[in-house]
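Please read the structure below before turning to the comments.
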Amino acid sequence: DRNNFAPRIGVSVEGPRSTVIRAGYGIFYDTLAVGDSLFLLGLNPPFVTFVVRNNGDVLPQFNLETAFTETASSTPPSIFSASSNLRNPYVQHWDLSLEREIAKNTVIAVSYLGEKGTRLRRQVNLNQPPAGVAVTLDERRPYPKFRNIFQFETSASSIAHAGELRVVRNFSSGLGFVAAYRYSKILDDATLISMLPQDSHNLRGERGPADFDVRRSEEHTSELQSPYV
């Protein structure tokens, strides 16, 4: 997509008492991997036809000699589709941090980070029937001549915010360590492309914590120099 403009900018300002303020913003585009989804288009009629019939001792409908002679489909087909507007997904990233030296070779940093995902991949069922009794399931579909119409599209989104506190001591006099604590929250409306929405006609109902949402995380590393080395 030649319209994918991805600017990036960073600013760093040094203040008094070994204080440094950093800020950055950037747009990052993802490659639109559509191989598996577009491959499913080849399973549509007339290339592939699924025929479902009851068969048994009580209601015999075919045998091995006549199983493939009947070409009429007994059930409406399910089909696969792709949106005509498949744009590349992209993520906006921004961050702001304040660093200050609190002791010799020791720095404390407070950071805020944010990310917003746009045009993320998802799959929906355009022919999902609204709620109702089971006997009228197919009658309530928007397109009654078909069963499910699975569409691959780039209409999902996400938003993430995180705050982090980090203390770093550069290795000196036989000691160095890193200690960090982060609190974050990630919301989206389509974490896994293989998962259909509970209601494809109400995608706002999918908004919630992402499957990989981790609210709290800690990091501790240290280096000690042995006196016997």
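The values are calculated or read from the model by the stated rules, or taken from the named source; none is laboratory data. Quick caveat, the model's predicted, so the values are computed rather than measured. So basically every Cβ, Gly included, is an ideal-geometry build from the backbone, and we count neighbours across all protein chains shown. Accessible surface areas use protein heavy atoms only, side chains included; no ligands, DNA or RNA. Shrake-Rupley method; radii C 1.70, N 1.55, O 1.52, S 1.80 Å.
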Quiz prompt | Which numbered condition His161 fails, given (1) of a type outside the set (Ser, Thr, Tyr); (2) open to solvent by 40 Å² or more (accessible area, probe 1.4 Å); (3) at pLDDT below 90 | solution = (3)
Quiz item: Between a first residue in the stretch 77-104 that is part of a loop (DSSP other than H, G, I, E, B) and a second residue that is surrounded by fewer than 16 Cβ atoms within 10 Å (Cβ to Cβ) and β-branched (Val, Ile, Thr), which pairs have beta carbons less than 9 Å apart while being 6 or more apart in sequence or on different chains?
Solution: Pro77/Val48; Pro77/Thr49; Leu86/Val34; Asn88/Thr31; Pro89/Thr31
Quiz item: Could you give every pair whose Cβ atoms fall below 6 Å, whose first residue belongs to the stretch 12-31 and is more than 22 Å from Gln92 (Cβ to Cβ) and touching a residue at least 24 places away in the same chain (Cβ under 8 Å), and whose second residue is of a type in the set (D, E, K, R) and open to solvent by 40 Å² or more (accessible area, probe 1.4 Å), counting only separations of at least 6 or pairs across chains?
Solution: Ser18/Glu101; Thr19/Arg100; Val20/Glu14; Val20/Glu99
Exercise. Could you grab me the full set of residues in the stretch 168-199 that are under 12 Å from Ala156 (Cβ atoms) and not in a strand (DSSP E or B)?
Key: Asp189, Ala190, Thr191, Leu192, Ile193, Met195, Pro197
Quiz item: Within the stretch 179-198, is there a residue that is out of contact with any strand residue (DSSP E or B) (no Cβ under 9 Å at 6 or more places or on another chain) and among the charged types (D, E, K, R)?
Solution: no
Quiz prompt | Among the candidates Lys145, Lys185, residue that is open to solvent by 70 Å² or more (accessible area, probe 1.4 Å) and under 26 Å from Val11 (Cα atoms) | solution = Lys185
Exercise. Give the residue that is most open to solvent (accessible area, probe 1.4 Å), with candidates limited to residues of the stretch 94-141 that are more than 25 Å from Glu153 (Cα to Cα) and acidic (Asp, Glu).
Key: Glu139
Quiz item: Restricting the search to the stretch 14-48, which residues are open to solvent by 80 Å² or more (accessible area, probe 1.4 Å) and more than 20 Å from His161 (Cα to Cα)?
Solution: Glu14, Pro16, Arg17, Thr31, Asp36, Phe39, Pro46, Phe47
Quiz item: Does any residue of the stretch 214-226 turn out to be open to solvent by less than 60 Å² (accessible area, probe 1.4 Å) and of a type outside the set (Ser, Thr, Tyr)?
Solution: no
